[in-house]
């Protein structure tokens with residue numbers, strides 16, 4: 001996205017905005033790139049009618065490099081011929097500006113619902129609504145992004161007494177601070193140095209990149225939920241997490257710093273991800289199951305991770321010689337320092353080596369961060385809801401892996417050697433022989 005991380009697409013982040021009294025009093029309205037773009041100089045004298053009109057309804061269009069990936073829904077729509085010119089049509093600009101004026105004092109959830117009408121009026125035109133909250137409890141500033149051929153047009157409207165849009169790109173020193181301990185500030189750069197696991201475990205980096213890829217896809221095809229659909233999704237969300245009372249829900253929200261609007265944003269995002277997963281999987285789950293039902297036997301296994309390959313090989317030998325039993329796995333944790341995790345997964349996720357695996361069998365080691373797997377239980381496959389969802393999730397994971405290989409990933413933190421190693425891991429083809437499950 002061509003704007004700063006302060007802007008939000010599928011959830012809003014409250015930001016404090018340092019403003020002087022003059023800034024707060026300055027009326028401003030703009031259609032354009034709100035961060036760092038230059039305002040056309042006006043020659044109208046201060047206080048004149050022309051000057052007031054300029055201040056209340058300035059229109060500036062900015063075209064910048066789009067980060068919409070090739071092949072995404074937004075990119076396909078942008079290249080479809082609807083907007084190959086440099087500037088969108090006057091009708092589109094007028095309708096977008098009218099929409100932004102309408103939502104300027106509304107919450108993001110309501111703004112997204114109202115966006116459906118604008119999309120219906122301009123079917124096939126890719127548009128992405130982003131926003132920034134001025135301060136906790138304050139109202140949001142909205143931008144509309146319109147991909148056009150080789151760039152992006154940004155349209156924004158700032159009502160009277162709002163922070164003038166050119167100043168929204170300014171940053172204060174507090175934005176780089178992650179935490180303060182006894183008054184001592186820990187900056188983002190220091191925090192990233194402490195979080196060394198990000199560079200040693202590619203799965204953490206994958207989760208970050210996957211979240212961005214999913215958000216980008218949902219921006220082109222958002223889940224606009226009706227009030228009834230949102231309530232159903234909220235109820236399901238609470239049941240899935242055991243939040244069966246108002247008190248439990250409020251405690252869960254307080255731990256995460258969420259108000260009710262923030263909770264609705266989280267639920268709407270999850271609903272969008274579920275819909276995207278179903279769209280990616282299509283109707284392939286049942287046919288995949290019918291073609292190889294044993295591949296979808298449910299295995300309960302213990303994953304034992306070791307710091308070195310030699311230690312993992314020695315552990316596999318000990319477990320095979322010791323025979324079946326949970327005590328052997330416990331001894332690996334207590335006596336040999338293994339990191340043990342209990343997991344349930346499909347037989348196919350462990351690769352060909354698990355084709356005939358039975359309780360007590362030992363598989364591996366797998367992967368560069370070596371893992372030994374001991375089978376605890378095997379349940380024959382049945383095509384139920386859990387199996388369908390599991391197959392759909394695997395198809396979705398494969399889709400995400402393909403997107404990661406095509407994505408342009410730029411790390412803001414970390415040295416070149418580490419970031420390049422992580423990017424190579426992200427672009428690696430899907431691993432065989434159970435490595436994916438082992439990671």
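The values are calculated or read from the model by the stated rules, or taken from the named source; none is laboratory data. All values derive from a computational prediction rather than experimental measurement. All Cβ positions, glycine included, derive from the backbone under ideal geometry; neighbour counts span all protein chains shown.
Restricting to the range 242-251, count the residues that are in contact with a helix residue (DSSP H, G or I) (Cβ under 9 Å, 6 or more places away or on another chain) and surrounded by 11 or more Cβ atoms within 10 Å (Cβ to Cβ).
Going through the range 242-251 one residue at a time, the tally reaches 3.
Looking at 275, 313 in this structure, which one is part of a helix (DSSP H, G or I), modelled with pLDDT under 95 and more than 30 Å from residue 215 (Cα to Cα)? Quick ask: steps written out before the conclusion?
Numbers: 275 fails: more than 30 Å from residue 215 (Cα to Cα).
After applying the criteria, what remains is 313.
From the set of residues in the range 171-217 that are modelled with pLDDT under 85 and under 30 Å from residue 146 (Cα atoms), which is surrounded by the most Cβ atoms within 10 Å (Cβ to Cβ)? Steps first, answer last, please.
Restricting attention to the range 171-217, the residues satisfying the condition of being modelled with pLDDT under 85 are 171-205.
Narrowing the set further to residues that are under 30 Å from residue 146 (Cα atoms) leaves 171-172, 175-176, 205.
Working: 171: 12, 172: 11, 175: 13, 176: 14, 205: 23.
Once the filter is applied, the top-ranked residue is 205.
Anything in the range 327-337 that is part of a helix (DSSP H, G or I) and either touching a helix residue (DSSP H, G or I) at 6+ places or on another chain (Cβ under 9 Å) or crowded, with 19+ Cβ neighbours inside 10 Å (or both)? List them, or say none. I'd like the intermediate steps shown before the answer.
Here is the first cut: in the range 327-337, the residues part of a helix (DSSP H, G or I) are 327-336.
Within the range 327-337, 328, 329, 331, 332, 336 meet the criteria.
For the range 407-426, enumerate the residues that are at pLDDT 75 or above and surrounded by 13 or more Cβ atoms within 10 Å (Cβ to Cβ).
Selection gives 407, 409, 411, 418, 419, 421, 422, 423, 425, 426.
Just name the residue that is surrounded by the most Cβ atoms within 10 Å (Cβ to Cβ) out of those in the range 343-357 that are on the phi < 0 side of the Ramachandran plot and assigned to a loop (DSSP other than H, G, I, E, B).
Taking the range 343-357 as the starting set, the residues that turn out to be on the phi < 0 side of the Ramachandran plot are 343-350, 352-357.
Those left that are additionally assigned to a loop (DSSP other than H, G, I, E, B): 355-357.
Numbers: 355: 11, 356: 9, 357: 19.
For the range 343-357, the residue satisfying everything is 357.
Determine which member of the set 285, 254, 271 is buried (at least 18 other Cβ atoms within 10 Å of the Cβ), over 26 Å from residue 350 (Cα atoms) and not assigned by TED's automatic domain parsing to the domain that holds residue 353.
Values: 285 fails: over 26 Å from residue 350 (Cα atoms); 254 fails: buried (at least 18 other Cβ atoms within 10 Å of the Cβ).
Just a single option satisfies the conditions, and that option is 271.
Picking from 261, 340, which residue would you name as being farther than 25 Å from residue 389 by Cα and outside any helix (DSSP H, G or I)?
Numbers: 261 fails: outside any helix (DSSP H, G or I).
None of the other options fit; the residue is 340.
Given the conditions (1) at pLDDT 90 or above; (2) more than 34 Å from the chain's Cα centre (by Cα); (3) not in a helix (DSSP H, G or I), and given that residue 373 satisfies all but one, which numbered condition is not satisfied?
Every listed condition holds for residue 373 apart from (2).
Restricting to the range 118-141, give me the number of residues that are loosely packed, with under 14 Cβ neighbours inside 10 Å, part of a helix (DSSP H, G or I) and in contact (Cβ under 8 Å) with a residue 12 or more places away in the chain. Walk me through it before giving the result.
First, pick out the residues of the range 118-141 that are loosely packed, with under 14 Cβ neighbours inside 10 Å: 120-121, 123-124, 135-137.
Right, trim to part of a helix (DSSP H, G or I) and you get 120-121.
Now restrict to residues that are in contact (Cβ under 8 Å) with a residue 12 or more places away in the chain: 121.
Matching residues across the range 118-141 total 1.
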